[in-house]
Amino acid sequence: MELMARIEAAATLLAPVIRRTPVVASRVLSERVGHEVWLKCENLQRTGSFKPRGAYNRIANLSEAERARGVVAASAGNHAQGVAWSATSLGIESTVFMPVGAALPKLVATKAYGATVYQVGDTIDQSLFAAREFAERTGATLVHPFDHVDIVAGQATCGLEILDQLPDVGTVLIPTGGGGLLAGVAAVLQRRKPEVRVIGVQAAEAAAWPASLAAGKPVALEHMSTMADGIAVGRPGEVPFEHIVASAPDIVTVDEEALSKALLLCMERSKMIVEPAGAAAVAALMSCGPDELALDGPVCAILSGGNIDPLLLTRVIGHGLSAAGRYLAARVTISDRPGSLSRLLAELGRTGASVLDVVHSRTGAWLAIDEVEVLLTLETRGAAHRDEVLEALEQVGYVVRVED
């Protein structure tokens, strides 16, 4: 069956069970890029990401004999939940292998959706090895997170919704890991509205697509290190790769600072809880230059998921505040004499910075016998104010070291 026919069949199949997620206008992003910007909120999809589109389509197309043997998957989060929910909805037994270090909320949610969960290995690759072994031993069908045509067809239904909701769309930005969502949405746009500009967005520390496209085949990364675990895929899938080469979207990368800023903006200005991977398209709009993006017409940025561990959310918010100049941690050396700390705090008061925390230490090996170090946590009003605070302290003679 040709891919577009599969996509249309998936849309019919998924219509009764998958949410038609909203598109929400973003004034702050529109003003930033000079184009009308809309957010496609897949973070509000069932299980908190776009993943059930592909997972349900894949599992629903299994034969009766395959259904009887159950399904198995490996994932650290979104795909695990998508498979568990889909299988339970279809009355099929599911088993999911997750790394030992998988986030507790995702582990609990996957079990709550009905899967039997085993924690194996420290990485997804090790969990996937265990899942393949389980499939061979039991006859269960392995539901890959992106490397199957039914997965791609299911994810493509997001593209159909975008065209229906934003018929004048000119550019679509898509968070990209293994390539299932990018391949599906790009395929829809190429066939239904080929003039739309399609941009895949990767985390710079897990960017396998540029090298793979240059090589003409999927190429594995040697190392990945990104907070955006949802798109931290070391090797693109064979099936998505074929369709992405045919659709020829552009690929851009965003760094960790851009991801944290984007997550913070989604929370503050759009009232959306989004995971780092889910905010990748917004990060590109915030950090990539106009020549790199070459935006055309109304813009749609897909928020691909919102399943973030509250502990990670706390850290990322702190990182985002710091990157945006709203939060400053600095070490200041002062004299170990009565009144020195109060004079430092008075100076900070004159700058308008709000002191959140103060830690006083005499143990630094670099300190003279009559010096102490103060670790300050400050709230500032932005990058310019942050610089003003640092300059004011240095002008009156304080030695300041900014913490990352």
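The values are calculated or read from the model by the stated rules, or taken from the named source; none is laboratory data. Keep in mind it's a predicted model, so treat the numbers as computed, not measured. Glycine gets a Cβ as well: all are built from the backbone with ideal geometry, and neighbour counts include every protein chain shown. For the accessible areas, the whole protein counts, side chains as well, though only heavy atoms, and no ligand, DNA or RNA atoms are used. Shrake-Rupley method; radii C 1.70, N 1.55, O 1.52, S 1.80 Å.
Here is a yes/no grid of residues against (1) of a type outside the set (F, W, Y); (2) closer than 20 Å to L182 by Cβ; (3) under 20 Å from the mean Cα position of the chain (by Cα):
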position: E2; (1), (2), (3): yes, yes, no
position: A10; (1), (2), (3): yes, yes, no
position: A15; (1), (2), (3): yes, no, no
position: S26; (1), (2), (3): yes, no, yes
position: L29; (1), (2), (3): yes, no, yes
position: G34; (1), (2), (3): yes, no, no
position: R46; (1), (2), (3): yes, no, yes
position: P52; (1), (2), (3): yes, yes, yes
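Residue by residue through the range 27-74, note down the ones that are among the polar types (S, T, N, Q) and either open to solvent by 10 Å² or more (accessible area, probe 1.4 Å) or without any contact (Cβ under 8 Å) to a residue 12 or more places away in the chain (or both).
S30, N43, T47, N61, S63, listed by residue number.
So R192 fits all but one of (1) under 13 Å from I302 (Cα atoms); (2) open to solvent by 20 Å² or more (accessible area, probe 1.4 Å); what number is the exception?
(1)
From the list A204, A214, which residue is over 18 Å from the mean Cα position of the chain (by Cα) and more than 18 Å from D147 (Cα to Cα)?
Matching residue, one of A204, A214: A214.
With the checklist (1) closer than 22 Å to N307 by Cα; (2) without any contact (Cβ under 8 Å) to a residue 40 or more places away in the chain; (3) of a type outside the set (V, I, T) in hand, flag the one item H144 doesn't pass.
With respect to (1) closer than 22 Å to N307 by Cα; (2) without any contact (Cβ under 8 Å) to a residue 40 or more places away in the chain; (3) of a type outside the set (V, I, T), H144 is out only on (2).
Could you count how many residues in the range 98-138 are more than 25 Å from the chain's Cα centre (by Cα) and either hydrophobic (A, V, I, L, M, F, W, C) or open to solvent by less than 30 Å² (accessible area, probe 1.4 Å) (or both)?
3
Considering only the range 384-404, how many residues are open to solvent by 60 Å² or more (accessible area, probe 1.4 Å), within 17 Å of S354 (Cα to Cα) and in a helix (DSSP H, G or I)?
Total meeting the criteria: 4.
Could you please tell me which pairs satisfy a Cβ distance under 8 Å, a separation of 6+ or placement on different chains, a first residue in the range 309-321 that is more than 25 Å from T110 (Cα to Cα), and a second residue that is outside any helix (DSSP H, G or I) and at pLDDT 75 or above?
Cβ pairs passing all conditions: G318/Y327; L321/Y327.
Mind checking whether some residue in the range 348-369 is more than 30 Å from D255 (Cα to Cα), modelled with pLDDT of 90 or more and in contact with an Asp or Glu (Cβ under 8 Å, 6 or more places away or on another chain)?
Looking through the range 348-369, at least one residue is more than 30 Å from D255 (Cα to Cα), modelled with pLDDT of 90 or more and in contact with an Asp or Glu (Cβ under 8 Å, 6 or more places away or on another chain).
Given the conditions (1) part of a loop (DSSP other than H, G, I, E, B); (2) more than 22 Å from A279 (Cβ to Cβ); (3) open to solvent by less than 20 Å² (accessible area, probe 1.4 Å), which single one is not true for A153?
Condition not satisfied by A153: (1).
Please work out which one of (1) open to solvent by 40 Å² or more (accessible area, probe 1.4 Å); (2) out of contact with any Asp or Glu (no Cβ under 9 Å at 6 or more places or on another chain); (3) part of a helix (DSSP H, G or I) is the condition I244 fails and give its number.
Against the list (1) open to solvent by 40 Å² or more (accessible area, probe 1.4 Å); (2) out of contact with any Asp or Glu (no Cβ under 9 Å at 6 or more places or on another chain); (3) part of a helix (DSSP H, G or I), I244 comes up short only on (1).
Would you mention how many residues in the range 156-170 are in contact (Cβ under 8 Å) with a residue 24 or more places away in the chain and part of a helix (DSSP H, G or I)?
9
Only one of E268, E238, E256, E292 is buried (at least 16 other Cβ atoms within 10 Å of the Cβ) and of a type in the set (D, E). Can you tell me which?
E256
So I199 fits all but one of (1) modelled with pLDDT of 95 or more; (2) over 16 Å from L293 (Cβ atoms); (3) open to solvent by less than 10 Å² (accessible area, probe 1.4 Å); what number is the exception?
(2)
Just to be sure I understand the filter: pairs with C-beta atoms under 6 Å, separated by 6 or more residues or on different chains, first member in the range 86-97 and without any contact (Cβ under 8 Å) to a residue 60 or more places away in the chain, second member charged (D, E, K, R) and open to solvent by 40 Å² or more (accessible area, probe 1.4 Å). Which pairs pass?
Here the result reads I92/R67, each pair linking the range 86-97 to a residue that is charged (D, E, K, R) and open to solvent by 40 Å² or more (accessible area, probe 1.4 Å).
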